[in-house]
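Let me begin by presenting the structure, written as structure tokens, before commenting on it.
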Amino acid sequence: MKTISALIAASLLVGASLTASAQENPAADFYKGETISLIVGTGPGGGFDQYARLLAPELSDATGATVVVENRPGGGGITAINQVASADADGLSVMLINGVPAALGQITGAPAVRFKLQDLPFLGRVAAEPWVLLVSKQSGYTSLKDLVEASKGGKTLSFSGLGRVDGPTDTAAVVCEALQLNCKLVVGFKGSSEASLAAIRGDVTGFAVTDRSARDYSQDGSLVPIAVVGHNRSKLLPDVPTIFEAVDVPEDAAFWIDFRAKVVDVGRALITTPGTPDDRVAFLREAFAKILSDPELVKTATDRGLPIDYASGKDVQDTVTEIFGDLPEDKISTIRDVLLSKYF
Amino acid sequence: MLDALISAGSQTLQPAVLWAVASALPVGLLFGLLPGLSGLTAMAVLIPFVYGMDGFAGLAFLLTAHAVVSTGGSVTAILLGIPGSPANAATVVDGVPLRNAGQSGTAVGAALTASAIGGVFGALVLLVLLPVLRPVILAFGPAETFLLSLMGLTFLAAVGAGSPARGLFAGAFGIFISFVGYEPVSGVPRYWLDYDYLLDGFRLIPLALGLFAIPELVALASGRMLEQSKGELPGTQLLNGMRAVFDRVGLVLRSSAIGSIIGIIPGVGGETAPFVAYAAARQSSPDPERFGTGIIEGVIAPEASNNAKEGGALVPTLVFGVPGSSGMALLLGAFLVLGLQPGPNFLRDHLDIGLGLVLILAVVNVLAAVLMFALMPILARVVSVPPRLLVPFLLMLALLGAYSTQGDMHDVVFTFVFGAVGLACVRYGFNRAALLLGFVLGPAVERYLEISLNIYGPGFVFRPICLVLIALMIAALFAPKIGSRLRRKRA
């Protein structure tokens, strides 16, 4: 009798705790057995795809859901963000976005952008790479100071790039604007490596890339890294000064560098659909926090050439709010002018 | 160099590498045989398998699968009239009339042999250029790329049969539809009708499949039988085809050289190589009017060049980390996965790997052709499958191919849209190969013209290499006229 009542008591306890846990975390129960689409805005095989395929099994373990990587290339990743932004708000569409073109596309009013980054729930940041300005050995310049002086002497500096707001070009544009340089941006190159060839050949003065690429391109000295466009030095290129260390940036001009650095801080970020229940957003944020701080995963990723630089969903959200929150209309039109027309 | 060559040889003979090659070879050929599945898809599908492979074996694995795709694709192009990969589109032009004349065995034999020789040639070019690569690539800037692309456009009228006027019209239409989407330099979207899919423009694979596969399938479904080889035994035909290639060594080498050069220059799409080789063969032929009616040269030229271009495309990939083709862009990604860093120092630090890749490229091209020869008795039977079974199967494969490139249903829909265009082209005698060539070259011409004007101003045409290219272009335009006049005088 005693044992039976003990059993009943025990089962009641277990039952109660189960209901309790279900009440505590309905999001965890929701995801069990569901299918999460982990979307990337590029085709298979590229960097974003590789990150997503690395994260998919981990996300599956952390949530109990089946995670499927979906490639939805188009419009430089913009199309897929549109789709996620207007998907069912069930938290089953998660996307790894490229923060730089997304944020700049929104600010410059790119034709296909139908989302507002500040409205999207951010789940975390996988990586963010600082941008570095390189000059061609052929140009004869070796430092940012040289560039400033040459520009003062009436020389025009040219930088190669792809589109207008997908990284290299806008980095060069904000540097030109902040330091009041005479610049000409030569865009239309098919990829950043082709843009680098133009610099190596000496067709342009230089160009800007992420620190990893900068390290690779500068191996043999045909391109020289002269400054990190931000406040902190790169871990990969510890000897390269920041733009603030390299030259005197006028106080009112620092806005441009800060602005660009914040956009970079969004990095390769994870988003889901606006309107997703808060508990699911919180649950996914927690899942990514755990996954991306796991030293084993960080090591595997780094070995595959996929560096991890985690920031929490909340932090990224704050950065996005800072970028878009207090931008007055006239500032936006100045930004548009600098990024889209002034230096072309 | 010799030490590195020996070390490369011994690396290539490692069991792990041999296994990698042996497993990738059939995969690459299969991707080539199946319409719509291209080398790019092969690479994307196989990349996950290289995790954990030894560096060199992993690269050999991917390179093998990628390099032999166009060898497999030539067989589909000839037997079924559907290019197995976009690089085989030019082969259809003369391959199909040859098949209809009962000469499919000869055409396949010639195509495979030309592929093998072209591939080995491409590898040799890579080997010879390895020490002097940097200056060669640096010599070809935006201005030179523009003129090369323009030179490709001058061949529009010469690709395939039919009236030159219709060839030009089809080419112009191809250029026009290439304008859809973001303008390459200003980033302004054109003709996109507020329809997101069109922002990136039309895609090559649905276009190539629509133009070539759909009309062929429609013809099959409406009762036309595939011609079977008649007369000699298929085996004899294959040998005849092989002999035809060896009788035209000059043509094979010239076409391979064209492929290599186009491969080396990153801006010109590798897809153009076979068209340019085809047109060049026609321009330099004593009887250009026979091209498009089923002439063996029309199969040899594109097939030699499309295998040769892979060797060329490896050049900028290894030396600058600048991919020479979209497949190479993925290969570049794999280098990083395997912990290798292509770029300026790669050949200094890893000359043996560079040379090893050259060896692999040469060997697999020959192996692929041999394997396809061995499989021909089985593959040739596909033409005796009744159309009611063959058409649904091929249609499914083609649509799967269209879908798998980007995972986008739009591509499937547009395969049908371009299918209608293809049917119209066939019906009214417009040249589909010219359309495709215009489509591929249009953006390159536009992009590099604008960049050149931006960097150098209009004076860029006076750069030395540009002047040479302009002279070549003029010579190519007038050569057929002058040539035939000379011959008439002699006669």
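The values are calculated or read from the model by the stated rules, or taken from the named source; none is laboratory data. This structure is a prediction, so every number in the text was calculated from the model and none was measured. Virtual Cβ from ideal backbone geometry, glycine too; neighbours counted across all protein chains shown.
Laid out as a table, the results:
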{"item": "Contacts under 6 angstrom Cβ, first residue in region A:145-174 being within 14 Å of chain B (Cβ to nearest Cβ), partner surrounded by fewer than 23 Cβ atoms within 10 Å (Cβ to Cβ) and β-branched (Val, Ile, Thr), 6 or more apart", "result": "A:165/A:108; A:173/A:338"}
{"item": "Region A:157-181: number of residues that are part of a loop (DSSP other than H, G, I, E, B) and within 30 Å of residue A:111 (Cβ to Cβ)", "result": "8"}
{"item": "Looking only at region B:180-194, and only at residues there that are surrounded by 20 or more Cβ atoms within 10 Å (Cβ to Cβ) and in contact (Cβ under 8 Å) with a residue 40 or more places away in the chain, the one that is nearest to the other protein chains (Cβ to nearest Cβ)", "result": "B:185"}
{"item": "Scope region A:318-344; condition under 19 Å from residue A:266 (Cα atoms) and touching a residue at least 24 places away in the same chain (Cβ under 8 Å); matching residues", "result": "A:319, A:320, A:321, A:322, A:323, A:324, A:325, A:327, A:332, A:335, A:339"}
{"item": "Helices (runs of 4 or more DSSP H) enclosed by region B:344-446 - at least 3 residues per element that are more than 26 Å from residue B:262 (Cβ to Cβ)", "result": "B:351-379, B:387-406, B:409-428"}
{"item": "The listed residue being small (Gly, Ala, Ser) and within 16 Å of the chain's Cα centre (by Cα), out of B:298, B:294", "result": "B:298"}
{"item": "Residue within region A:272-283 that is touching a residue at least 12 places away in the same chain (Cβ under 8 Å), under 25 Å from residue A:212 (Cβ atoms), in the same structural domain as residue A:48 (by TED's automatic domain parsing) and within 18 Å of the chain's Cα centre (by Cα) present", "result": "no"}
{"item": "Selection count, region A:58-81, where residues are within 14 Å of chain B (Cβ to nearest Cβ) and at pLDDT 95 or above", "result": "1"}
{"item": "Qualifying position, being more than 13 Å from chain A (Cβ to nearest Cβ), surrounded by fewer than 21 Cβ atoms within 10 Å (Cβ to Cβ), closer than 26 Å to residue B:148 by Cβ and aliphatic (A, V, I, L, M), among B:347, B:253, B:239, B:314", "result": "B:253"}
{"item": "Unmet criterion (only one of (1) more than 25 Å from residue B:408 (Cβ to Cβ); (2) part of a loop (DSSP other than H, G, I, E, B)) for residue A:110", "result": "(1)"}
{"item": "Flag for residue A:193 being at the interface with chain B (Cβ under 9 Å from one of its Cβ atoms), of a type in the set (S, T, N, Q), touching a helix residue (DSSP H, G or I) at 6+ places or on another chain (Cβ under 6 Å) and without any contact (Cβ under 8 Å) to a residue 60 or more places away in the chain", "result": "no"}
{"item": "Residues being of a type in the set (Val, Ile, Thr) and surrounded by fewer than 22 Cβ atoms within 10 Å (Cβ to Cβ) - total across region B:138-174", "result": "1"}
{"item": "Answer residue from region A:113-138, given it is of a type in the set (S, T, N, Q) and surrounded by fewer than 20 Cβ atoms within 10 Å (Cβ to Cβ) and is nearest to the other protein chains (Cβ to nearest Cβ) among those", "result": "A:138"}
{"item": "Boolean, residue B:197 is touching a His at 6+ places or on another chain (Cβ under 6 Å) and either within 11 Å of chain A (Cβ to nearest Cβ) or surrounded by 21 or more Cβ atoms within 10 Å (Cβ to Cβ) (or both)", "result": "yes"}
{"item": "Residue in region A:95-112 that is closer than 22 Å to residue B:49 by Cβ, within 14 Å of another protein chain (Cβ to nearest Cβ) and over 18 Å from the mean Cα position of the chain (by Cα) present", "result": "no"}
{"item": "Yes/no for residue A:142 being of a type outside the set (Gly, Ala, Ser) and not in a helix (DSSP H, G or I)", "result": "yes"}
{"item": "Condition met for residue A:234 (small (Gly, Ala, Ser), over 22 Å from residue A:318 (Cβ atoms), part of a helix (DSSP H, G or I) and outside the structural domain of residue A:323 (by TED's automatic domain parsing))", "result": "no"}
{"item": "Single condition residue B:72 does not satisfy, out of (1) more than 30 Å from residue B:453 (Cα to Cα); (2) within 14 Å of chain A (Cβ to nearest Cβ)", "result": "(2)"}
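The rows are residues; the columns are (1) part of a loop (DSSP other than H, G, I, E, B); (2) out of contact with any helix residue (DSSP H, G or I) (no Cβ under 8 Å at 6 or more places or on another chain); (3) not aliphatic (A, V, I, L, M).
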position	(1), (2), (3)
B:4	no, no, no
B:8	no, no, no
B:11	no, no, yes
B:16	no, no, no
B:22	no, yes, no
B:35	yes, no, yes
B:46	no, no, no
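Rundown of residues vs (1) within 14 Å of chain B (Cβ to nearest Cβ); (2) among the charged types (D, E, K, R); (3) more than 29 Å from residue B:318 (Cα to Cα), yes/no style:
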position: A:220; (1), (2), (3): yes, yes, no
position: A:230; (1), (2), (3): no, no, yes
position: A:233; (1), (2), (3): no, yes, yes
position: A:243; (1), (2), (3): no, no, yes
position: A:246; (1), (2), (3): no, no, yes
position: A:252; (1), (2), (3): no, yes, yes
position: A:255; (1), (2), (3): no, no, yes
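Table: residues versus (1) in contact with a Leu (Cβ under 9 Å, 6 or more places away or on another chain); (2) within 17 Å of residue B:28 (Cα to Cα); (3) within 14 Å of chain A (Cβ to nearest Cβ); (4) surrounded by fewer than 17 Cβ atoms within 10 Å (Cβ to Cβ).
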| position | (1), (2), (3), (4) |
| --- | --- |
| B:323 | yes, no, yes, no |
| B:330 | yes, yes, yes, no |
| B:352 | yes, no, no, no |
| B:362 | yes, yes, no, no |
| B:380 | yes, no, no, no |
| B:395 | yes, no, no, no |
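Each row is one residue, and each column tells you yes or no for (1) small (Gly, Ala, Ser); (2) within 12 Å of the chain's Cα centre (by Cα); (3) at pLDDT below 90.
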| residue | (1), (2), (3) |
| --- | --- |
| B:75 | no, no, no |
| B:81 | yes, no, yes |
| B:85 | yes, yes, yes |
| B:121 | no, no, no |
| B:128 | no, no, yes |
| B:138 | no, no, yes |
